[in-house]
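This report refers to the structure that appears directly beneath it.
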Amino acid sequence: MTVKPQIINRNGKPAFAVIPIEEWIRIQEIIEDRADVAAVRAHQAGPGESFPDAVLGALLDGTHPMKVFREHRGMSRADLAKVAGTSAMYVSQIERGERPAGRKLLPRIAAALRVDMDMLSDTREPRGYHVREARLALRRHPEGLSTTELARETGRDRGVSEAVVRRLEEEGEVYDSGERWRLSAQNQRRRHK
C-alpha cells in the first residue's frame, strides 16, 4: 500500500510530508528490519571478540565490569594501573565502586583491557557519588534534564543515569515533568554540602 503524502510548503518550498499513521508504522517496520539485517551482516563480516560464560556470569552477579575484564585479561591491579597511567589504589577504588573512573582515565582503561568503554559501565545500584552528581546537575538546571542530558551533564552513561533517577524518584527527590527530570521543590532549595 502506497499513499500519496500531503505536502506542506514553507516559504514556497516543500517542508513536510503528512502520511496516514498506518503508513508511518509500516515504514518504521521496514527501517527496523533493514537495520537488523545490516547489524547481522556487520557481525558476520567481523564478529569481534566473544567472552566466556564466566565473564558474563561475573557481570550478571554484579561484579564491577572493570574487575571482570581485568581478571579475564590476566592482569593485576598494578598491571592495569601501569598501562592506564594511574595507581593500583585508584583501580581498586573504582572496582569497589568507591570512586568513578575519570573522563580521561576511562578511555585508557578501556584500551588497556581491549574493550569498548561502554562495556566498563557499572550499571549496578547507583553509588553515592552518582546521586550527588545528579543532584548538583539538576540544581544547575531548574528547567529539568532528560535522562540523556543528565548522562551528558554528569559524564555517566545512560544506564547509570536511569538508575539514579529511578532511585531519586523512589525517594521523592525528583519528578518527571514530561520527559524531563526536575528536583522536587524541597530538594531544589537544599544546597549540597
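Looking at segment 1-51, which of the residues that are polar (S, T, N, Q) and over 30 Å from LEU113 (Cα atoms) is nearest to the chain's Cα centre (by Cα)? I'd like the intermediate steps shown before the answer.
Going residue by residue through segment 1-51, those that are polar (S, T, N, Q) are 2, 6, 9, 11, 28, 44, 50.
Applying the additional criterion that residues be over 30 Å from LEU113 (Cα atoms) yields 2, 6, 9, 11, 28.
Values: THR2: 38, GLN6: 38, ASN9: 38, ASN11: 40, GLN28: 24 Å.
Among residues in segment 1-51 that are polar (S, T, N, Q) and over 30 Å from LEU113 (Cα atoms), the one nearest to the chain's Cα centre (by Cα) is GLN28.
Among the helices (runs of 4 or more DSSP H) lying completely within segment 1-115, list those that include at least 1 residues that are in contact with a His (Cβ under 7 Å, 6 or more places away or on another chain) and under 30 Å from GLU153 (Cα atoms).
Filter on segment 1-115 gives 88-95.
Report yes if ASP157 is in the same structural domain as LYS67 (by TED's automatic domain parsing), under 24 Å from ARG70 (Cα atoms) and charged (D, E, K, R), otherwise no.
no
Which members of segment 60-72 meet the condition of being surrounded by 14 or more Cβ atoms within 10 Å (Cβ to Cβ) and farther than 20 Å from GLY102 by Cα?
GLU71, HIS72 - these are the residues of segment 60-72 that are surrounded by 14 or more Cβ atoms within 10 Å (Cβ to Cβ) and farther than 20 Å from GLY102 by Cα.
Could you list, in sequence order, all residues of segment 84-110 that are touching a residue at least 12 places away in the same chain (Cβ under 8 Å) and either loosely packed, with under 14 Cβ neighbours inside 10 Å or touching a strand residue (DSSP E or B) at 6+ places or on another chain (Cβ under 8 Å) (or both)?
Those that are touching a residue at least 12 places away in the same chain (Cβ under 8 Å) and either loosely packed, with under 14 Cβ neighbours inside 10 Å or touching a strand residue (DSSP E or B) at 6+ places or on another chain (Cβ under 8 Å) (or both): GLY85, ARG96, GLU98, ARG103.
For (1) modelled with pLDDT of 85 or more; (2) on the phi < 0 side of the Ramachandran plot, each residue gets a yes or a no:
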{"residue": "GLY128", "(1), (2)": "no, yes"}
{"residue": "VAL131", "(1), (2)": "no, yes"}
{"residue": "LEU136", "(1), (2)": "yes, yes"}
{"residue": "SER161", "(1), (2)": "no, yes"}
{"residue": "ARG166", "(1), (2)": "no, yes"}
{"residue": "GLY178", "(1), (2)": "no, no"}
{"residue": "TRP181", "(1), (2)": "yes, yes"}
{"residue": "SER184", "(1), (2)": "no, yes"}
{"residue": "GLN188", "(1), (2)": "no, yes"}
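Counting only residues that are surrounded by fewer than 17 Cβ atoms within 10 Å (Cβ to Cβ) and among the acidic types (Asp, Glu), which one in segment 112-126 is modelled with the highest pLDDT?
Taking the candidates together, the pick is ASP116.
One line per residue, one yes/no per condition, for (1) in contact with a Pro (Cβ under 9 Å, 6 or more places away or on another chain); (2) touching a residue at least 60 places away in the same chain (Cβ under 8 Å); (3) among the small types (Gly, Ala, Ser); (4) surrounded by 10 or more Cβ atoms within 10 Å (Cβ to Cβ):
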| position | (1), (2), (3), (4) |
| --- | --- |
| ASN11 | no, no, no, no |
| ALA17 | yes, no, yes, yes |
| ILE21 | no, no, no, no |
| GLN28 | no, no, no, yes |
| ASP36 | no, no, no, yes |
| HIS43 | no, no, no, yes |
| PHE51 | no, no, no, yes |
| VAL55 | no, no, no, yes |
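The values are calculated or read from the model by the stated rules, or taken from the named source; none is laboratory data. Values in this document were obtained by computation on a predicted structure and should not be read as measured data. No Cβ is skipped: glycine too gets one built from the backbone with ideal geometry, and neighbour counts run over all protein chains shown.
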